[in-house]
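Visitor: Take this structure, written in structure tokens, and hold onto it; I'll ask about it next.
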Amino acid sequence: MKKLAIFASGNGSNFEALVTGIQQQKIAAQVVLLVCDQPTALVIQRAQRLKIPVWTAEFKQFADKAAFETAILAQLRQHGVELILLAGYMRIIGPTLLQAYPQRIINIHPALLPKFPGRHGIEDAFAAGVTETGVTIHYVDAGVDSGPIIQQAVVPVAPQDTLASLSRRIHQTEHRLYLQSLVKILEEK
Ligand code: GRF
């Protein structure tokens, strides 16, 4: 059983899809901790309902990123975390965590990287009028949405699509692909 932590900042639909998918598909992993930097985020309620331990704190309570990540690291060690999955975590991972978990931090991005990195991957692709976009699962490095790609899934954009309909399909694809990539990563590690 690989012990996983999920980092999230907001809604948490990927968090929930991972936790329930791991159970339903009998994947040899266990989500042992949610790390959340937004104490009022919906993802915390999801974790409580799913009985996943939560660590949450506001970044501004710490002196700097190193101090914040050192506090997170203590939690990860306490829970025996071996792999970190970012799922809508809105902070850039710093050297403290990158060095502690080399090649062991994964991110999901709602576009076909290297196209449309940053916070608004779905909106930016839609506004650019592309005929296809998608989802990327990748290793995290020191850049923004720039680490080695693990898997991608294409989502076609139909002429009648609205931002809402496209977003819905992207999120459905995310939930499926993140689990699929997790299985692949666990086979390799
Ligand atoms: C997802 O689109 C993910 O790709 C991006 O942030 C969003 C999080 O959604 N990094 P949710 O909180 O999992 O619903």
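The values are calculated or read from the model by the stated rules, or taken from the named source; none is laboratory data. Small disclaimer: the values here were computed from a predicted structure and weren't measured. Methodologically, a virtual Cβ is constructed for each residue, glycine included, from the backbone with ideal geometry; neighbour enumeration extends over all protein chains shown. Remember, those area values only see protein heavy atoms, side chains included, never the ligands or the DNA or RNA. Shrake-Rupley method; radii C 1.70, N 1.55, O 1.52, S 1.80 Å.
Visitor: Using R₀ = 22 Å, calculate the FRET efficiency as 1/(1 + (r/R₀)^6) where r is the Cβ-Cβ separation of Val54 and Ile92; round to 0.05.
Guide: With R0 = 22 Å, the Cβ-Cβ based efficiency is 0.50.
Visitor: Can you pull the percent of the chain's accessible area that's carbon plus sulfur, 1.4 Å probe, other chains left in place?
Guide: Taking all protein chains in place, the chain shows 54 percent carbon and sulfur surface.
Visitor: Follow-up. Provide Rg and Dmax in Å for the chain, with only Cα atoms included in the calculation.
Guide: That works out to 16.1, 50 Å for Rg and Dmax.
Visitor: Follow-up. Of the residues Ala125, Ala41, Ala63, which exhibits the maximal mean-square fluctuation in a Gaussian network model of the chain defined by a 10 Å Cα contact cut-off?
Guide: Its mean-square fluctuation being the largest, the pick is Ala63.
Visitor: Calculated FRET efficiency, Ala142 and Ala74, Cβ-Cβ r, R0 22 Å, to nearest 0.05?
Guide: Plugging the Cβ-Cβ distance into 1/(1 + (r/R0)^6) gives 0.50.
Visitor: Probe of 1.4 angstrom, ligands and nucleic acids ignored: what's the accessible area per residue over the chain, in square angstrom?
Guide: Accessible area per residue: 49 Å².
Visitor: With unit charges on the beta carbons (Lys and Arg positive, Asp and Glu negative) and the dipole taken about the Cα centre of region 10-117, which residue among Ala29, Leu85, His109 sits farthest to the positive side?
Guide: Going by the Cα projections, it comes out as Ala29.
Visitor: In deg cm²/dmol, rounded to 500, what helix-only [θ] at 222 nm does the chain give when every DSSP H run of at least 4 residues adds -39500 (n - 2.57) and the total is split over its residues?
Guide: -12000 deg cm²/dmol
Visitor: Could I ask something else about it? Taking the Cα centre of the chain as origin and charging only Cβ (+1 Lys, Arg; -1 Asp, Glu), how large is the dipole, in debye to the nearest 20?
Guide: Using only the charged Cβ atoms, the result is roughly 560 debye.
Visitor: Another question, then. Which whole-number percent is the relative contact order of the chain (Cα, under 8 Å, 6+ apart)?
Guide: Relative contact order, the chain: 20 percent.
Visitor: Between region 37-60 and region 138-155, what is the separation of their alpha carbon centroids in Å?
Guide: Measuring centre to centre over Cα atoms gives 25 Å.
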